[in-house]
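For reference, the structure is listed below as structure tokens.
The values are calculated or read from the model by the stated rules, or taken from the named source; none is laboratory data. If you're wondering where the values come from, they're calculated on a predicted model, not measured in any experiment. When we count neighbours, we look across all protein chains shown, and the Cβ atoms used for this are built from the backbone with ideal geometry, even at glycine. Note: accessible area is taken over every heavy atom of the protein model, side chains too, but ligands, DNA and RNA are not part of it. Shrake-Rupley method; radii C 1.70, N 1.55, O 1.52, S 1.80 Å.
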Amino acid sequence: MLVHSRTGRWTAWALFAVLFVPLFALPLLVILAASFSTHWSGAFPSGPTAAHYTAAVRGESLQALTTSLITAVTASVIALTVGTWAALAAAALGKKGRRVLDALFMLPVAVPSVVVGLAVLVAFSQPPMLLNGTRWIVILAHTVLVTAFAHQSVSAAIRRLDPMYEQAAASLGARPSYVLLRVKLPLLLPSLNAAAGLCFALSMGELSATMMLYPPDWTPLPVLIFTATDRGSLFTGSALAVVLMAATLLALLAVSRIRTRASYR
Amino acid sequence: MPTTVPVWLWALPPVAVLAVVFLYPLALVVQESLAPGAYAEVLASVSFREALVTTMWLAVASTVGCLVLGFVLALVIAFVPFPGGKAVSKFIDVFLSFPSFLITLALLFLYGTVGMANGIWTDVTGDPAGPFRFLSTPWGVLLAEITYFTPFVMRPLLAAFSQMETAQLEVASSLGARPLRIVRQVILPEALPALAAGGSLVLVMCLNEFGIVLFTGAKGVTTLPMLVYGKAILESDYAAACVVAVVNVALSVGLYVLYRGVSRRAGA
Amino acid sequence: MTSGIRFDGVTVTYGSNTVLDSLDLTVEPGEAMALLGPSGSGKTTALRAVAGFVRPASGRVLIGDRDVTALPPYKRGIGMVVQQYALFPHLKVEANVAFGLKAQKVPKGEIPGRVAEALEMTGMAAYAQRHPRELSGGQQQRVAIARALAIRPRVLLLDEPLSALDAQLRSGMLAELARLHRELPDVSILYVTHDQVEALTLADRIAVMDRARLQDCGTPQDLYRRPRTEFTASFVGNANLLPVTVGAGGVSFEGVSLDVPVSEALPGAGATLCVRPHLVGLGPGPNALSGRIAEVQWRGSTHRLYVEVGGHRVKADVRELRETPPLGAEVTLHFAPDDAVLLSAGVGND
């Protein structure tokens, strides 16, 4: 305990509330309130309605949601596979090799998403890999962007994994492939789950690279939110944003449930 | 007995995938940027220079704001515990998983011309036009960036604080040190690595932020990522877009390397 | 089939640091050998060289007649138990014990029987369906031993297996291990420990290690009664080491001439006399040394006296005294000639 006096403590808590509530809690509440309103000209929104939601689960909105979900799941699965493979391969390499591999897979974090979008656009708009105009270019860009995070969290988990399990397995006569399948991957499962949740959330909210790449028939939710607000439909945009947040939260919740069941210690 | 595959061979498939989908495209961007005259033209243009300056000062100011705000908030959560503190930490984790542009969207309702703040002003003073009209200026972007990125500073800080020995604080306060003195002489030195790591991460992310600026919809605020988007998609000037992209990548990769160095030393 | 372990000039280095210096040691088939030494003495490195987790810079490791130096761990046919148990947390006890059998593709029909046998042997049969996290430390260690025994190893490596257990559990497990050693006469055991009691209780022979080198090797009785180096004498049994001079007139300590057996011709200058504290008596007798009490520790059934004899502290463990002698009191100590061992100075201290 840092502050011992009652007044001191209340002052600290008041300061916290004054900073925290308007900056972090209010924005999310405001979006939620707006999504149920038709007007906002004054201190509070008015004209309560659920119409934005009935619209949000139909037509192009529903399509955008499924587009986002498919994109996020596909990108996460590919990213997790590639990222985990790379992390495992890096862990088996010597110190130098590991650093090179880690640096390579970390690079997409440092490169602006817009530039990733531009690079993918430049590279895949020409034969032999003509993907521009298809959904695959969006999925590909998302995969690139989230692979780095998958790799980062899985390699951190591998570093935390006590080598004694691997050694115990080896002393019992298990070959490396058996150790990988029966010991390492099961022990990494909680971290893989967490990484999957992270990838999914990032992909669901991705806007920068998507704006450069999306074809008309593959419009993810964030793009739809932007076009809605851009043409002034702030309340529809808010409802879509709530749908986006809810979908992300649900997925994270599901993943964390798996994680608690899969954590052994 | 099958001959065992050399270890480095296992690293090839993922590296090959990365090369095709990321390294090769990035190389193409660099190649495209080398079109004759592209650099000279872009670097000489006013819009580029303005975007560079705007991007830099916004990123630096946001980072400073996030550091100060994040430090104060994390300090209260960790050392002046209150019921619900755990829930606040959870909330911060959730906050991190939402896209950044939601903040700008929310700010439109809070500080927009017909938003909550101006509405309250009108109700109180009777003045039909409220005083809050900073949203479409760089200040709006700054507020949104500080809001969105502060949790990225708080997370490593909270982790660092949770590892701090409370005994140290108790000894310090038993020796008669006042809270502010303890913060300055005991907590701050311990938190410096986490602050440095979190701060440099936020700096890089601010340099690369796109969603917040796009949603602000302000013509007056152009950052480097916005310029890349504008040149490529709106003007179809790919050579210029690639030049801006290379400059942006150089800036942020340079800073990211710095961040990795700092966070490795901090053990994060 | 039985097979021993042989270290043939095994040297292990980390960078410029030599952590094991040309170790020559043979563990006979069916023998229990303890590697005893303080931390950093190289004992664990020696064990890990047998397991295959460290690659020697030079020398060979043999299991039976087979040179295993270049073999990966999973081809060595060893059972290993470590301090932290290393049970697989995601597998039940049964699956943990079956792990090695499945990995080595033992016929499916055989596995349940061998798992049951191993669990029976360690008294863990009732816990087959538990997860490791539901077991106490002692139970986890039993499962770890069962897991190592299930593969019927020729060689069992135990790396400080009791260090994580509390004192009471430790003595129980020590008896269990001794029983297993009797029941499995074909299994050679290499047992790494820093605890002399464990080594003395369990081992047929003890190899004493210090600073990356083998210092001494022999049966427990041999090492305890006739240590060959100062290090062994002090590490095993915490003996008094008194600097003495050996001259034509015999052995003398602080000007007092002593009656001790001089087996070898020792050089004129220095030697070290080794006497166990519990063999030092209070009061007059042969080899009497007088001094002042510097410290008294009551240890229940005994008193440990530290007596200042001419600048040296002599330890004596005597039966509990009715009256604790005051500090500074003048006392006389003695020991029987046969209870002392003369070591030439500097042996084992190079």
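Miscellaneous remarks
- Counting only protein heavy atoms and a probe of 1.4 Å, the accessible surface of the stretch A:1-119 is 73% carbon and sulfur.
- Relative contact order of the stretch C:5-230, pairs being alpha-carbon contacts under 8 Å that are 6 or more residues apart, as %: 30
- Per residue solvent-accessible surface (Å²) - the stretch C:238-344, probe of 1.4 Å: 51
- Distance from the alpha carbon centroid of the stretch C:96-157 to that of the stretch A:205-226 works out to 55 angstrom.
- Residue with peak Gaussian network fluctuation, chain A [Cα springs, cutoff 10 Å], from A:THR227, A:THR74, A:THR219: A:THR227
- Highest average first, the peptides C:53-61, C:34-42, B:6-14 ordered by how many other beta carbon atoms sit within 10 Å of their residues are C:34-42, C:53-61, B:6-14.
- Viscosity 0.692 mPa s, temperature 37 °C, Stokes-Einstein D of the stretch B:40-265 from Kirkwood C-alpha radius, µm²/s: 167
- According to the Kirkwood relation over distinct C-alpha pairs, the hydrodynamic radius of the stretch A:183-265 is 14.5 Å.
- Solvent-accessible area, 1.4 Å probe, carbon plus sulfur percent, for chain C: 50
- For the pair C:ALA116 and C:ARG133 in one chain, pulling the backbone fully straight at 0.36 nm per residue adds 4.1 nm over the alpha carbon distance.
- Highest GNM mean-square fluctuation among C:ALA148, C:ALA118, C:ALA175, for chain C modelled with Cα contacts below 10 Å: C:ALA175.
- The spacing between the stretch A:82-104 and the stretch B:1-76, judged by their C-alpha centroids, is 20 Å.
- For the chain pair A and B, buried accessible area totals roughly 7000 Å², probe 1.4 Å, rounded to the nearest 100.
- Projected-area mean, the stretch C:238-344, by convex hull of Cα positions, square nanometres: 6.5
- Theoretical FRET efficiency, 1/(1+(r/R0)^6), r = Cβ-Cβ of B:ALA16 and A:LYS96, R0 25 Å, to 0.05: 0.80
- Of the solvent-accessible surface of chain B, computed with a 1.4 Å probe and all protein chains present, 68% belongs to carbon and sulfur.
- Look at the stretch A:26-34: the mean tally of other chain Cβ atoms within 10 Å of its residues' Cβ atoms is 6.
- Model label zone, B:LEU9; criterion: amide N under 17 Å from point 7 Å along Cα-to-beta-carbon; scope the stretch A:90-118: A:90, A:92-94
- All other residues whose Cβ lies under 15 angstrom from that of A:PHE226 are scored, Lys and Arg at +1 and Asp and Glu at -1, for a net of -3.
- Rounded FRET efficiency, nearest 0.05, which uses the C-beta distance separating C:ALA164 from C:VAL318 and R0 of 25 Å: 0.10
- Among residues other than C:ALA118 with Cβ under 13 Å from its Cβ, the summed charge is -1 (Lys and Arg +1, Asp and Glu -1).
- Take each residue in B:151-164, count the other chain C-beta atoms within 10 Å of its C-beta, and the mean is 0.
- At a threshold of 40 Å², the residues of the stretch C:73-88 that become less accessible to a 1.4 Å probe in the full protein assembly than in their chain on its own are C:TYR74, C:ALA86, C:PHE88.
- Shielding by other protein chains, A:181-189, mean Cβ within 10 Å: 2
- Each listed q (0.08, 0.10, 0.16 Å⁻¹) maps to a log10 I(q)/I(0) for chain A from the Debye sum over equal C-alpha point scatterers, namely -0.46, -0.69, -1.18.
- Value of relative contact order over the stretch B:40-265, rounded to a whole percent, pairs C-alpha under 8 Å and six or more apart: 29
- Springs join every pair of Cα atoms under 10 Å in this Gaussian network model of chain B, and among B:ARG184, B:ARG133, B:ARG49 the largest mean-square fluctuation is at B:ARG184.
- Paramagnetic reach from B:LEU96 (point 7 Å along Cα→Cβ, amide N under 16 Å) across the stretch B:139-175: B:147-163
- In the stretch B:142-229, the GluC sites (Glu not before Pro) that fall in loop regions by DSSP, at most 10 other Cβ within 10 Å: B:GLU165
- In this structure the amide hydrogen of C:SER22, modeled in the peptide plane, comes within under 5 Å of the amide hydrogens of C:THR11, C:VAL12, none closer than 5 places in sequence on its chain.
- Buried surface for the C/A pair, taken as the accessible area of each chain alone minus that of the pair with a 1.4 Å probe, is close to 2000 Å² in total.
- Cα-based shape type of the stretch A:7-160, given that a ≥ b ≥ c are square roots of the gyration tensor eigenvalues and the cut on a/c is 1.5: oblate
- Shape category assigned to the protein assembly as shown from the gyration tensor of Cα positions, a/c cut at 1.5: prolate
- Förster radius 45 Å - calculated FRET efficiency between B:LEU43 and C:LYS75 (Cβ-Cβ, nearest 0.05): 0.10
- C:LYS105-A:ALA156 pseudo-label distance in nm [points 7 Å out on the Cα-to-Cβ vector]: 4.0
- For C:MET80, the residues whose amide H sits under 5 Å from its own are C:LEU157, ignoring neighbours fewer than 5 places away on the same chain, with H placed 1.01 Å from N.
- Packing-based order for A:199-211, A:128-140, C:315-327, using average beta carbon neighbours within 10 Å, highest first: A:199-211, A:128-140, C:315-327
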